[in-house]
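Have a look at the structure below before the remarks.
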There are 2 protein chains.
Amino acid sequence: MTILANVLSTPIGIVRSEFKSKVGVPIQTAGAPRFGAELEVLPAYAAGLRDLEGFEYLIFLTHMHLVSEERLQVVPFLDTVSHGVFATRAPNRPNRIGLSIVRLLSIDGTTLRFEGNDMIDGTPVLDIKPYVPAFDIRQTERIGWFAGKRAKLPGARSDDRMR
Amino acid sequence: MTILANVLSTPIGIVRSEFKSKVGVPIQTAGAPRFGAELEVLPAYAAGLRDLEGFEYLIFLTHMHLVSEERLQVVPFLDTVSHGVFATRAPNRPNRIGLSIVRLLSIDGTTLRFEGNDMIDGTPVLDIKPYVPAFDIRQTERIGWFAGKRAKLPGARSDDRMR
């Protein structure tokens, strides 16, 4: 059996958002283009932000801190039947790492204003990466159980099924 | 000053790859479509893989375990001048979390075969997410310092600048 060491991460910033609980939050940034929010980067990481203003979209990797249960099978928000959690984007996943692609509006010191927010107030951010279409775009029609659920995305909000 | 707790993650699997060191590795999966490799998921997480075979592309979030130095300013592989690390995809970043979009070929038990590999042998994987174009595609020309560097991507390999 493979033994792997645990990994310790240190948040580099925190999200300030209008969403204060796990219920009623847009389930993906693509379904929430008009919701603005801020990322407050810790002063110790300020130097890492240089040249970031040149990018339109950023990828935030986050710790979904309000999730208490990690499950291997979940009924995701867009469906009524369960799937293996790695075949979903549900928050109740091992390690609870979130991926949010946001549109950068401005940077003022260590405060990043953005729109396309699906994150809860106080969410710790572990990494920021610039979104680069040549790296990050894949065209495919093979999207498993999401096929047929796409129309439900715009405006979809979380309910109380994830704890 | 904001105080944020550290976050502990437990790897859910490990990459088996032909790349044994940090030098000579494709710098992005988009630049390495023909390199195959395997992800060995730990048996404890097997149930989380159900329905994953329906997706063509997967996002792996990884711990770039061979990186020893975390830097806030780096000269990325595709450039000759330095940038803030969050404006790059360089491995020497706080928390050393990698993002690899791979093309799934097959699943045999807990072994995932894929192509588009930019990961070193032994890389711990922290999460698997299905790639869904409706969630993950953003079209933009605003790509900061990458503009003009795109032609260097196909076949680009890492050199010894990252420790």
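Of note:
- When the Cα positions of A:Leu58, A:Gly31, A:Gly84 are compared along the charge dipole of the range A:13-133, A:Gly84 comes out farthest toward the positive end, with charges on each C-beta of Lys, Arg, Asp and Glu.
- For A:Gln73, label point 7 Å along C-beta direction: distances to other copies, nm: 5.4
- Computed from backbone phi, the HN-Hα couplings of the range B:38-48 come to 10, 10, 9, 7, 5, x, 4, 9, 4, 5, x Hz, rounded to whole numbers (Karplus: 6.51 cos²θ - 1.76 cosθ + 1.60, θ = phi - 60°; Gly and Pro given as x).
- Cβ-placed point charges (K, R +1; D, E -1), dipole of the range A:66-149 about Cα centre in debye, nearest 20: 240
- Copies compared at A:Thr140 - label distances in nm, ascending, label defined 7 Å from Cα in the Cβ direction: 2.3
- For the protein assembly as shown, the gyration tensor built on C-alpha atoms gives a rounded shape. Its axis ratio a/c (a ≥ b ≥ c) stays under 1.5.
- Among B:Phe146, B:Phe77, B:Phe60, the residue with the largest mean-square fluctuation in a Gaussian network model of chain B, with springs joining Cα atoms closer than 10 Å, is B:Phe146.
- Sequence-distant contacts, meaning Cα pairs under 8 Å at least 6 residues apart, place the relative contact order of chain A at 39 percent.
- A simple charge model with +1 on the Cβ of Lys and Arg, -1 on the Cβ of Asp and Glu and nothing else charged puts the dipole of the protein assembly as shown at about 220 debye relative to its Cα centre.
- Measuring between alpha carbons in the structure, the pairs from A:Lys22/B:Lys22; B:Lys22/B:Lys149; A:Lys152/B:Lys129 lying more than 28 angstrom apart are A:Lys22/B:Lys22.
- HN-Hα J in Hz across the range B:127-137 - Karplus 6.51, -1.76, 1.60, θ = phi - 60°, x for Gly and Pro: 7, 10, 10, x, 7, 10, x, 5, 8, 10, 9
- More than 19 Å apart - percent of Cα-Cα pairs taken over the range B:4-80: 54
- Convex hull volume per residue, computed on the Cα atoms of chain B, equals 145 Å³.
All of the numbers you see were taken from the coordinates with simple rules; none came from a lab. For clarity, every value in this text was computed on a predicted model and none was experimentally measured. Positions of Cβ are generated from backbone atoms using ideal geometry, with glycine treated the same way; all protein chains shown enter the neighbour counts.
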